[in-house]
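One structure is given here, and the rest of the page talks about it.
Each value in this text was obtained by applying a stated rule to the coordinates, not by laboratory testing. Keep in mind it's a predicted model, so treat the numbers as computed, not measured. So basically every Cβ, Gly included, is an ideal-geometry build from the backbone, and we count neighbours across all protein chains shown.
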Amino acid sequence: MIKKKIANIPFGPFITVLAGAMVDGKPNYATIGAYGVVSEKPVLYISLKNSHYTTSGVVENGFFSVNIPSSESIYKTDLCGCVSGNKEDKSNVFDSFYDDAGNAPMIKECPVNYLCKVIQTISIFDFTMFIGEIVAVYANEDCLENGTPNALEVKPTIMMYPGYYDLKDKVGTLFKTYRSMSTDEPR
Ligand SMILES: Cc1cc2nc3c(=O)[nH]c(=O)nc-3n(C[C@H](O)[C@H](O)[C@H](O)COP(=O)(O)O)c2cc1C
């Protein structure tokens, strides 16, 4: 196997999510890959370019949402990553819903939604990383299996430069695949 040095383009895989915020009283969503979990506590981060319209709403309200679109919404998902609310009103691209726990819109047609309260911000070059405590979580009932979302029903979109991909199969079960195949004593 020969290893080659290649250009530094973030390849992924990253899960495609829509970050939501209220801006001037209207919902706005931006497509992002810079999203993730930061601890065992219910805390998520999103990293947004400072010039994005969504960013101003997160700063204004102290809340953001993370919405997991199904791959069936790929057109609208890419739209929210190509068009800025600075130039065009995106408030009607998706239907929004709200929770009393915080002022950020969530997307009805996304199977999973997190509402987060900003607890810390980190400046990174021309981006801001917003770290948010999850204050409400929603999921479409028909995607649930034993109370948690089933990935193959949610149909998330994975971004790997330069494409969007969907999930094909389940290849294992968390904390069980190793144990079920190993003859070792549990560690
Ligand atoms: C696939 C994809 C991934 C993106 N990831 C990010 C990201 O992680 N962070 C970010 O700030 N912008 C990201 N963008 C760019 C924003 O979604 C885009 O600039 C959007 O128009 C900003 O919208 P707004 O100005 O209404 O907030 C991404 C765009 C696409 C298409």
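What the table shows:
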{"read-out": "Choice from 74, 122, 107 showing the highest fluctuation, given a GNM over the chain with Cα pairs closer than 10 Å", "value": "122"}
{"read-out": "Gain upon complete extension [residue 74, residue 125; 0.36 nm per residue less C-alpha separation]", "value": "15.4 nm"}
{"read-out": "Charge dipole (debye, nearest 20) of the chain; +1 at Cβ of Lys and Arg, -1 at Cβ of Asp and Glu", "value": "860"}
{"read-out": "Among 39, 82, 1 the positive-end extreme of the charge dipole of the chain (Cβ point charges)", "value": "1"}
{"read-out": "Relative contact order of the stretch 1-117, defined on C-alpha pairs under 8 angstrom at six or more residues apart (%)", "value": "29"}
{"read-out": "Ordering of 138-147, 86-95 by packing [mean C-beta count within 10 Å, highest first]", "value": "86-95, 138-147"}
{"read-out": "Rounded FRET efficiency, nearest 0.05, which uses the C-beta distance separating residue 9 from residue 89 and R0 of 30 Å", "value": "0.40"}
{"read-out": "Farthest positive-ward along the stretch 113-187 dipole, Cα basis, beta-carbon charges - from 119, 156, 180", "value": "180"}
{"read-out": "Convex hull of the chain built on C-alpha atoms - directionally averaged projected area, nm²", "value": "14.1"}
{"read-out": "Highest-first arrangement of 44-52, 125-133, where packing means the average Cβ count within 10 Å", "value": "44-52, 125-133"}
{"read-out": "Computed label-point distance, nm, for sites residue 133 and residue 170 using a 7 Å Cα→Cβ extension", "value": "3.3"}
{"read-out": "Mean projection area, nm², convex hull over Cα of the stretch 3-42", "value": "5.3"}
{"read-out": "Two-site label geometry, residue 183 and residue 109: point separation in nm, points 7 Å out along Cα→Cβ", "value": "5.3"}
{"read-out": "Dimensionless Rg ratio for the stretch 36-141, taking C-alpha atoms and the 2.2 N^0.38 Å reference", "value": "1.04"}
{"read-out": "For the stretch 124-187, the fraction of alpha-carbon pairs in successive 10 Å shells from zero, as %", "value": "14, 25, 35, 22, 4, 0"}
